Structures are given as C-alpha cells and as structure tokens.
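For reference, the structure is listed below as structure tokens.
The values are calculated or read from the model by the stated rules, or taken from the named source; none is laboratory data. Bear in mind the structure is a predicted one, so any value in this text is a computation, not a measurement. Accessible surface areas use protein heavy atoms only, side chains included; no ligands, DNA or RNA. Shrake-Rupley method; radii C 1.70, N 1.55, O 1.52, S 1.80 Å.
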Amino acid sequence: MITIYLMNADGSQEPLEVPVNINLSLMEVLRAGGYPIAGTCGGIALCATCAVDILSGNEQLSPAGDQELDMLDLLPQSTSATRLGCQLRLRPEMDGMVFRITPAG
Ligand code: FES
C-alpha cells in the first residue's frame, strides 16, 4: 500500500491508502471509492473524464503516451500537470503524490 493525497476544493489534503500490487489505475481506485470522477470510457483514454492535476510527485510518473497527450490537448483546462487518471497505474514510486480531480469546464 502507498498513501497518496487528494486535494479537496477547500485546500485540505485527504490521504488515500491505495494498493500497488494489483495493477489498478488511479481512476479505478477513485471510482471505487465513490469520488467524483466519471471515467466514462472505462479507461481506454478516449473520454478525458478522468483528468487529474498532479500537484506534487509529477516527476515520479511515467511520461504520457501519444493517445493520452491527444486527449489532454482536447481539454481546455489542462496544464502540463494534467494527466488522465486511467493511464496512471498505481506504483510504489507514487507514494506521497498530491493531486486533485481536474475541475470540469
Ligand atoms: S476513463 Fe476515459 S480517458 Fe480515462
């Protein structure tokens, strides 16, 4: 298990204990936990409804692939710190990462 931190709208950081040994994505863990992330396409990088902003720990993530970058280009609110949660497999290196669910619009 690792601990990652979800920043809420009020600036508070909510610790989430997540498993790293069963190949789950960040989107899958958030959906299972009832957090407000749609993941409409089921995790195949075709909808961008799973976008998250990485506030700390970005350097520990694998670079985005071409399909992820194409989807992020379609999001008007995306920044260099925005990633698709479905493309982020939880790994030990992500321990301590801080993120927020990207606001829509
Ligand atoms: S769940 Fe659709 S792009 Fe991530």
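Details
- Surface composition of the chain: carbon and sulfur make up 52 percent of the accessible area, probe 1.4 Å.
- S56 - accessible surface, heavy atoms, 1.4 Å probe, Å² rounded to 10: 60 Å²
- Stretch gain in nm, segment N58-D73, where the contour uses 0.36 nm per residue and the Cα spacing is subtracted: 3.6 nm
- Dimensions of the stretch 2-101 from C-alpha coordinates, computed as largest minus smallest value along each principal axis and given longest first, are 31, 30, 27 Å.
- The 3J(HN,Hα) values that the Karplus relation (6.51, -1.76, 1.60; θ = phi - 60°) gives for the stretch 54-59 are, in residue order, 8, 8, 7, x, 4, 5 Hz. Gly and Pro appear as x.
- Counting only protein heavy atoms and a 1.4 Å probe, the chain has 53 square angstrom of accessible area per residue.
- Relative contact order of the chain, taken over Cα pairs closer than 8 Å and 6 or more residues apart, is 39 percent.
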